């Protein structure tokens with residue numbers, strides 16, 4: 001065999017001694033796609049695994065890693081590869097040499113001009129770890145997928161600060177767990193039926209453990225988020241099909257049985273189906289990503305403090321290797337949920353790797369086969385999320401990595417527009433917008449809402465195109481965006497209602513229905529003049545006759561629109577009423593949907609299923625974003641918080657304090673006793689107060705000012 005295959009051992013000893021700048025690297029996007037596939041395949045519904053109904057993509061199995069070098073001396077390297085690999089180099093005479101490295105020890109000669117690592121892995125994405133005195137593996141290396149080992153492309157590699165241990169490739173790493181014991185375990189026997197139940201005290205996620213199992217038999221394990229769902233077994237005369245999260249397990253006598261697939265739940269109910277098996281006790285290994293909570297918020301209102309804490313718990317459970325929608329039911333990666341999770345995460349964890357990997361999961365690879373999640377609006381949100389990721393993270397490599405796939409997805413979206421360049425419903429496309437009690441007229445025409453999302457997507461794509469030097473692309477996208485933006489308000493504005501209409505049908509008929517969606521997006525996307533703003537606030541945002549929003553998903557944008565107008569006093573009341581309402585019903589994490597007018601078990605029903613609603617849903621955690629972005633008032637104004645602004649607004653609170661994560665550290669804000677103070681360890685900040693006062697915030701220097709807002 002011409003290329004020597006080197007099986008490089010993964011050494012466990014001495015990992016802590018390596019500098020953190022040496023990281024495992026891989027082809028851009030491949031681990032995001034792989035992790036997404038792994039997580040989404042674990043969805044449990046009706047006793048079986050349910051995978052997504054949209055295309056899933058596979059990582060490349062053969063990758064060529066390379067880096068140009070200029071050495072003053074021979075470079076001793078230690079190399080770890082997850083897969084079969086050959087290490088090669090080019091010298092200054094144009095000669096190509098293959099290595100015979102043993103156990104990862106290798107010396108690159110000083111006349112080398114580049115190093116290559118060819119690697120194949122059919123189980124996990126190929127990845128490498130390299131460390132020498134001057135050369136380490138990071139995103140300055142390039143990667144290209146290959147079938148012939150010829151160089152096909154040079155794209156900056158992906159890497160993560162989580163994966164620095166040479167002994168543990170990313171595909172073998174596990175998230176940390178901690179033991180969690182139930183608050184109570186109960187046993188019941190009704191006739192010949194045997195049941196055991198447990199309450200773990202709060203919504204959690206991890207691996208169920210059954211302790212002191214006696215006998216042998218088959219049991220049905222029900223993973224429940226509410227006590228009524230826990231009780232909805234045959235004892236409550238409820239058919240098993242009414243339950244979403246259950247599975248059958250075959251048990252035999254053992255000191256402990258650990259379920260090796262993780263689930264989300266608060267309660268567990270186990271029904272014996274056959275045999276004489278009994279279970280004395282339960283425990284579980286709770287699994288989270290283990291990210292430090294870098295953001296904080298505390299204020300004079302204790303209920304608001306509790307809402308912030310429960311939001312953080314909700315977000316922590318759903319932000320895994322990639323960001324999933326809900327821990328018990330969906331377990332899938334939906335763009336609409338994810339783009340909100342990104343924004344919340346920027347104000348709590350600052351987990352930029354998780355955002356990037358989730359963007360890759362959603363996008364997949366070429367060729368594009370359908371809209372993301374098969375939903376038109378979810379595709380448009382993704383483009384905006386890519387640009388915002390660059391703004392918050394400052395990642396210098398992602399734009400060049402992602403732009404080719406960004407461009408091909410935009411070309412797919414443009415090809416599905418109507419003859420006038422507007423988003424049109426096509427067979428197989430779902431225009432979601434929102435779950436609602438009244439069917440929205442989304443089909444048979446063009447909605448003003450979808451057009452606004454397309455404009456934002458075009459603007460975002462133009463911004464990234466400009467970043468990577470694709471000037472012609474940037475100009476074309478921007479021109480298309482300007483043309484479409486200019487026609488939306490004149491075409492959809494209803495003078496009688498003083499607001500934007502929802503839909504115009506393909507045959508020219510106008511649906512006079514006014515909804516909150518285009519009007520609230522028009523507020524923070526800058527579509528209205530001052531008179532139109534005032535009209536929209538009065539006739540839509542503060543008008544109870546306009547169809548109300550029930551999901552936290554669109555509440556996120558509704559309250560953001562109000563915050564963008566400085567109406568935080570109203571938003572405070574809404575947060576306390578809506579999210580506080582869930583807390584008063586015993587929520588330990590926030591839900592997929594909440595309707596204050598419902599009673600009893602109706603709160604848990606959805607999709608015509610008695611317990612179909614997710615009670616730990618990513619989009620339910622939005623208060624953490626609103627409080628950080630619009631109350632503490634911290635937002636980046638250039639990539640990576642190189643510049644940023646602080647515009648504090650108490651929103652009717654007596655005092656507040658908190659921190660917002662940034663790549664360089666945290667930005668601290670406190671508003672107390674009529675004064676505001678800000679401290680930051682990096683970036684160039686500006687404290688913006690009413691009346692146009694602007695005060696410079698220098699790194700390492702605390703700024704204080706009288707509060708006159």
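Among all residues of segment 208-219, there is at least one that is surrounded by 15 or more Cβ atoms within 10 Å (Cβ to Cβ), closer than 22 Å to residue 604 by Cβ and at pLDDT 95 or above. Within the set 293, 268, 213, 273, the sole residue that is assigned to a strand (DSSP E or B) and free of Cβ contacts under 8 Å to residues at least 60 places away in the same chain turns out to be 273. If you take the residues in segment 662-675 that are out of contact with any helix residue (DSSP H, G or I) (no Cβ under 7 Å at 6 or more places or on another chain) and buried (at least 23 other Cβ atoms within 10 Å of the Cβ), which one is farthest from residue 629 (Cα to Cα)? Across segment 662-675, the extreme among qualifying residues is 671.
Restricting segment 515-526 to residues that are surrounded by fewer than 24 Cβ atoms within 10 Å (Cβ to Cβ) and in a loop (DSSP other than H, G, I, E, B), the residue that is farthest from the chain's Cα centre (by Cα) is 526. Among the residues of segment 123-140, those identified as at pLDDT 95 or above, surrounded by fewer than 24 Cβ atoms within 10 Å (Cβ to Cβ) and within 27 Å of the chain's Cα centre (by Cα) are 123, 124.
Just one of the listed residues (425, 384, 420) is surrounded by 16 or more Cβ atoms within 10 Å (Cβ to Cβ), assigned to a loop (DSSP other than H, G, I, E, B) and either in contact with a helix residue (DSSP H, G or I) (Cβ under 7 Å, 6 or more places away or on another chain) or not assigned by TED's automatic domain parsing to the domain that holds residue 30 (or both), and it is 425.
Selection within segment 11-41: residues that are touching a strand residue (DSSP E or B) at 6+ places or on another chain (Cβ under 9 Å) and modelled with pLDDT under 90. The member of this set that is nearest to residue 136 (Cα to Cα) is 21. Filtering segment 437-475 to residues that are surrounded by fewer than 18 Cβ atoms within 10 Å (Cβ to Cβ) and assigned to a helix (DSSP H, G or I) leaves 466, 467, 471, 472, 475. Looking across segment 609-655, the residues that are surrounded by fewer than 23 Cβ atoms within 10 Å (Cβ to Cβ), assigned to a helix (DSSP H, G or I) and either on the phi > 0 side of the Ramachandran plot or out of contact with any strand residue (DSSP E or B) (no Cβ under 7 Å at 6 or more places or on another chain) (or both) come down to 639, 640.
Could you say whether any residue in segment 536-552 is over 22 Å from residue 436 (Cβ atoms), touching a residue at least 24 places away in the same chain (Cβ under 8 Å) and under 24 Å from the mean Cα position of the chain (by Cα)? No: zero hits.
Counting the residues of segment 32-53 that are in a loop (DSSP other than H, G, I, E, B) and surrounded by fewer than 19 Cβ atoms within 10 Å (Cβ to Cβ) gives 8. Looking only at segment 656-672, decide whether some residue is touching a residue at least 40 places away in the same chain (Cβ under 8 Å) and not in a strand (DSSP E or B). Scanning segment 656-672, I find at least one residue that is touching a residue at least 40 places away in the same chain (Cβ under 8 Å) and not in a strand (DSSP E or B), so the answer is yes.
So that you can scan it fast, the table gives a plain yes or no per residue for (1) crowded, with 24+ Cβ neighbours inside 10 Å; (2) touching a strand residue (DSSP E or B) at 6+ places or on another chain (Cβ under 9 Å):
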| site | (1), (2) |
| --- | --- |
| 284 | yes, yes |
| 294 | no, yes |
| 306 | no, no |
| 313 | no, yes |
| 327 | yes, yes |
| 333 | yes, yes |
| 353 | no, yes |
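So residue 434 fits all but one of (1) surrounded by fewer than 19 Cβ atoms within 10 Å (Cβ to Cβ); (2) more than 20 Å from residue 417 (Cβ to Cβ); (3) modelled with pLDDT under 95; what number is the exception? So the condition that residue 434 fails would be (1). Of all residues in segment 684-692, one or more are under 30 Å from residue 358 (Cα atoms) and touching a strand residue (DSSP E or B) at 6+ places or on another chain (Cβ under 7 Å). When only residues in segment 54-64 that are out of contact with any helix residue (DSSP H, G or I) (no Cβ under 8 Å at 6 or more places or on another chain) and in a loop (DSSP other than H, G, I, E, B) count, which is nearest to residue 128 (Cα to Cα)? Among them, the one singled out is 61. Could you check residue 404 against (1) surrounded by 18 or more Cβ atoms within 10 Å (Cβ to Cβ); (2) assigned to a helix (DSSP H, G or I); (3) out of contact with any strand residue (DSSP E or B) (no Cβ under 7 Å at 6 or more places or on another chain) and say which number it fails? Only one criterion in (1) surrounded by 18 or more Cβ atoms within 10 Å (Cβ to Cβ); (2) assigned to a helix (DSSP H, G or I); (3) out of contact with any strand residue (DSSP E or B) (no Cβ under 7 Å at 6 or more places or on another chain) is unmet by residue 404, namely (1). For segment 255-265: of the residues being in contact (Cβ under 8 Å) with a residue 60 or more places away in the chain and surrounded by 16 or more Cβ atoms within 10 Å (Cβ to Cβ), which is farthest from residue 354 (Cα to Cα)? Restricting to residues being in contact (Cβ under 8 Å) with a residue 60 or more places away in the chain and surrounded by 16 or more Cβ atoms within 10 Å (Cβ to Cβ), the top hit is 265.
The values are calculated or read from the model by the stated rules, or taken from the named source; none is laboratory data. In this text the structure is predicted, and so the values were computed from the model without any measurement. Using ideal geometry, Cβ is built from the backbone for each residue, glycine included, and neighbour counts are taken over all protein chains shown.
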